[in-house]
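Taking it in order: structure first as structure tokens, then the write-up.
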Amino acid sequence: MRVALVFNQKKEDARQYVRMDEKSKPPGGNGGASATSINRTSESLSTQHISDLYAEWDSPETIEAVRSALAEVHDVTLVEADENACERLRQDRPQIVFNMSEGLYGISREAQIPAILELLQIPYTGSDPLTLATCLDKSRAKEILSYYQVPTPAFRVISHVAELRQRRFSFPQMVKPLHEGSSKGVFNSSVVSNAGDLEREVFNILERYQEPALVEEYLGGREFTVALLGNGNGVTVLPIVEIRFGSLPEGVNPIYSYEAKWIWDTADNPLDIFSCPADITPSLRESIEKTCVQAYHLLRCRDWCRIDVRLDARGIPHILELNPLPGILPDPDENSCFPKAARAAGIGYSQLIQTVLSLAAVRTGVVAVPMPSFQETP
């Protein structure tokens with residue numbers, strides 16, 4: 001087939017540290033921040049911001065790995081997801097698009113290329129614009145899950161710091177940007193244990209990202225991420241990945257923060273942070289899988305998605321968020337969870353990429369039968 005690979009390529013080193021501007025400091029100095037048993041952020045981390053503007057975009061190595069995997073079977077064209085993408089796609093008219101474009105501007109950025117493709121009537125991999133936009137807006141996704149009684153941590157959306165003084169919070173809480181992925185805006189300091197820390201983190205998000213903050217109940221249980229492939233009744237749950245926080249630097253919060261994902265964990269010095277398949281009981285595995293499949297269908301995901309899950313104090317799985325454009329770093333040492341789960345299922349990187357394309361091609365009627373198929377290993 002004639003396949004277009006549509007992507008956004010990183011423009012800078014995601015591991016670069018930059019100083020916080022004076023204007024980004026919260027009113028009243030440190031906002032009452034203090035070291036506690038749950039939030040032990042060091043002085044250096046609390047006074048620095050990390051340049052995460054392009055964190056969601058893919059490296060040249062990942063783009064080439066996906067291109068190479070597709071090119072084993074298909075004729076592949078590369079299309080940068082910039083302002084010229086629409087005209088390029090209109091002229092080239094590929095039979096199908098492998099979409100890995102994240103976009104940059106606006107809360108609908110992940111939906112922009114799929115919306116263009118629907119306008120041009122070109123089939124593509126992955127979820128539709130509505131699902132992509134809904135999942136990127138964490139509160140909207142959680143509202144849908146809550147309506148259908150799928151467990152998700154209790155939350156509030158804060159658009160102005162003054163709103164914090166009108167509400168009561170039990171601590172600890174987790175603070176994150178409402179419309180970001182790839183751990184953007186989720187730092188070690190994002191777990192807060194008092195009103196001063198909460199105000200500081202909310203203020204930083206409002207100032208830096210120019211979007212509301214999601215203040216979410218912090219769950220202290222184990223954390224997992226779950227990769228799913230398929231459509232309709234044919235959704236397959238790949239081996240579950242557990243995030244093991246014991247391998248993080250001493251004294252930091254047990255969360256998969258931006259520092260944990262992009263700073264402390266590198267290909268040269270990888271953290272032993274993941275366990276796959278997760279060492280869990282059959283009943284817990286069944287509960288996690290059932291919850292994730294239900295969330296996958298409720299948010300109308302297609303072809304693939306990675307879902308983050310955390311247990312509450314009673315051991316009940318709660319959906320943190322859905323990632324219908326999952327990260328797919330090709331190097332096993334870079335700890336990318338979807339390829340890691342696929343490898344545990346006996347699916348190599350090229351086969352994973354070709355399987356996602358095949359699922360979309362069958363779903364859209366581009367082909368009548370899957371090509372190629374995959375099977376999990378015991």
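The table below lists the values:
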{"quantity": "Matching residues in segment 49-70 - criterion: being small (Gly, Ala, Ser) and either assigned to a strand (DSSP E or B) or modelled with pLDDT under 95 (or both)", "calculated": "Ser51, Ala55, Ser59"}
{"quantity": "Test: residue in segment 186-207 that is within 20 Å of Pro326 (Cβ to Cβ) and under 18 Å from the mean Cα position of the chain (by Cα)", "calculated": "yes"}
{"quantity": "Test: residue in segment 253-261 that is surrounded by fewer than 18 Cβ atoms within 10 Å (Cβ to Cβ) and of a type in the set (S, T, N, Q)", "calculated": "no"}
{"quantity": "Selection within segment 218-241 - in a strand (DSSP E or B) and farther than 22 Å from Gln354 by Cβ", "calculated": "Glu223, Phe224, Thr225"}
{"quantity": "Considering residues of segment 105-116 that are in contact (Cβ under 8 Å) with a residue 40 or more places away in the chain and part of a helix (DSSP H, G or I) only, the residue surrounded by the most Cβ atoms within 10 Å (Cβ to Cβ)", "calculated": "Ile113"}
{"quantity": "Count of segment 272-295 residues which are in a loop (DSSP other than H, G, I, E, B) and crowded, with 16+ Cβ neighbours inside 10 Å", "calculated": "4"}
{"quantity": "Index of the failed condition, Asp268 passing every other in (1) outside any helix (DSSP H, G or I); (2) at pLDDT 90 or above; (3) of a type in the set (D, E, K, R)", "calculated": "(2)"}
{"quantity": "Scan of segment 240-269 for residues that are of a type in the set (S, T, N, Q) and free of Cβ contacts under 8 Å to residues at least 60 places away in the same chain, ordered by number", "calculated": "Ser247, Asn269"}
{"quantity": "Test result for Ser139, modelled with pLDDT under 95 and hydroxyl-bearing (Ser, Thr, Tyr)", "calculated": "no"}
{"quantity": "Flag if Ser127 is within 29 Å of Ile307 (Cβ to Cβ) and surrounded by fewer than 19 Cβ atoms within 10 Å (Cβ to Cβ)", "calculated": "no"}
{"quantity": "Scan of segment 76-104 for residues that are surrounded by 15 or more Cβ atoms within 10 Å (Cβ to Cβ) and either among the hydroxyl-bearing types (Ser, Thr, Tyr) or at pLDDT below 95 (or both), ordered by number", "calculated": "Thr77, Ser101, Glu102, Gly103, Leu104"}
{"quantity": "Flag for Arg168 being under 25 Å from Asn253 (Cα atoms), surrounded by fewer than 18 Cβ atoms within 10 Å (Cβ to Cβ) and more than 14 Å from the chain's Cα centre (by Cα)", "calculated": "yes"}
{"quantity": "Matching option when the condition is out of contact with any helix residue (DSSP H, G or I) (no Cβ under 6 Å at 6 or more places or on another chain) and more than 20 Å from Val356 (Cα to Cα), among Asp92, Asp75", "calculated": "Asp92"}
{"quantity": "Any chance Cys301 is within 28 Å of Ala260 (Cβ to Cβ) and not in a loop (DSSP other than H, G, I, E, B)", "calculated": "no"}
{"quantity": "Within segment 194-225, tally of residues that are of a type in the set (Ser, Thr, Tyr) and at pLDDT 95 or above", "calculated": "2"}
{"quantity": "Scan of segment 136-162 for residues that are under 20 Å from the mean Cα position of the chain (by Cα), assigned to a loop (DSSP other than H, G, I, E, B) and touching a residue at least 60 places away in the same chain (Cβ under 8 Å), ordered by number", "calculated": "Val150, Pro151, Thr152, Pro153, Ala154"}
{"quantity": "Options Val6, Val73: the member that is at pLDDT 85 or above, more than 20 Å from His179 (Cα to Cα) and in a loop (DSSP other than H, G, I, E, B)", "calculated": "Val73"}
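The values are calculated or read from the model by the stated rules, or taken from the named source; none is laboratory data. Since the model is a prediction, treat every value here as computed from it, not as a measurement. Reconstructed Cβ throughout: ideal geometry from the backbone, glycine too, with neighbour counts over all protein chains shown.
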